[in-house]
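Heads up: the structure comes next, in structure tokens.
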Amino acid sequence: MFPENLIQATFEIGHTEYVAVKPKLIIGENATSAVNATILERKWGYKPGTNVLGLIIFCVAFGIILSRMGSDAEIMTGFFTVLNEVIMRIVIIVMWYSPIGIMSLIIEKILSITNLAFMAKQLGMYMATVITGLLIHSCITLPLIYYIFTRKNPLTFFKGMVQAWVTALGTASSAATLPITFKCLEENLGIDKRVTRFVLPVGATVNMDGTALYEAVAAIFIAQMNGIYLSAGQVITISLTATAASIGAASVPSAGLVTMLLVLTAVNLPTADISVIIAVDWFLYSA
């Protein structure tokens, strides 16, 4: 989370490695085996890759400090604003050609699968897991939080938000749904405009719980698909990286696929298998 060298973090990942060394003091009955004995010594080393979590934490801290500096940071803020606009225009150009690329990726992946029925079964279980998690979060966790803090019936709130939900399902974009969400909260539920105008723009770009859940499950699915065992530390890393990446994800359709690269890279999972996720991404992202 806190890399020693920011430049090095873009090319190398720090990790613990065990090196066989000769013990300084050998005690044993068998002299031959004692001479050949070795012990494992734990050392800190680096391997090729990108320390995604460390870079995200640095960028979050950097952005917070810039926002607190006010007018003194206008030059730096303007630089990153223009840089973001340039990158977005490049992405728009790429998106015009993306249907051909996505079609080729999916076809190539299907042709490389030896057991298509088994892969379809795995993909179905992945979709069921994501949808189940989203249902638990939206139908149990969020209503419970709403009731605890407001002591009001969550169903009344949901009824007033139906139009925003339908729009979100059709557009798969929280940014596109934002005007309808304003209307539902202010007209149907009577929420103060001062609250909605502050909370909604922030929540539409930062509070992406579904994207975080979707990316974490996708990373674990890709690991299981390739027979890669994930330790408890790696699962925690996936959770933290997915949460941090979802905060920075754009509120546009399929933005989670871009930030998913960061999550997979954080634990050295194969990024090429994202092509399998693309086939069902439109449905899950809408959900």
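Close Lys pairs in the chain, defined as Cα atoms under 28 Å apart and 8 or more places apart or on different chains, number 9. Extending 7 Å from Cα along the Cβ direction at Lys22 and again at Ser104 yields two label points whose distance is 5.6 nm. For the chain, the longest principal axis of the C-alpha atoms and the axis of helix 174-183 are separated by about 30°. Springs between Cα atoms under 10 Å define the GNM used for the chain, and in it the highest mean-square fluctuation of Pro99, Pro154, Pro270 occurs at Pro99. For the stretch 151-233, the carbon plus sulfur part of the accessible surface works out to 64%, probe radius 1.4 Å.
For the chain, the dipole from Cβ point charges (+1 on Lys and Arg, -1 on Asp and Glu) about the Cα centre works out to 480 debye, to the nearest 20.
Computed from Cα positions, the angle between helix 193-206 and the longest principal axis of the chain comes to roughly 30 degrees. Lys183 contributes an accessible area of around 90 Å² to the protein surface, as traced by a 1.4 Å probe with all chains present.
When the Gaussian network model of the chain links Cα atoms closer than 10 Å, the mean-square fluctuations of Ser98, Ser173, Ser246 top out at Ser98.
Relative to the dominant Cα principal axis of the chain, helix 274-286 is inclined by about 30°.
How much solvent-accessible surface does Asp281 expose, in Å² to the nearest 10, with a 1.4 Å probe and all protein chains in place? Number for this one is 0 Å². Grouping the Cα pair distances of the chain into 5 Å bins from zero gives a pair-distance distribution of 1, 4, 8, 12, 14, 14, 13, 11, 8, 5, 3, 2, 2, 1, 1, 1, 0, 0 percent in increasing distance order. Once backbone amide H atoms are built at 1.01 Å from N, Glu12 has Gly49, Asn51 as its partners under 5 Å, excluding neighbours fewer than 5 places away on the same chain.
The values are calculated or read from the model by the stated rules, or taken from the named source; none is laboratory data. Not measured: the values here are computed from a predicted model. Please note: Cβ atoms are built from the backbone with ideal geometry, for glycine as well, and neighbour counts cover all protein chains shown. For accessibility, only protein heavy atoms count, side chains too; no ligands or nucleic acids. Shrake-Rupley method; radii C 1.70, N 1.55, O 1.52, S 1.80 Å.
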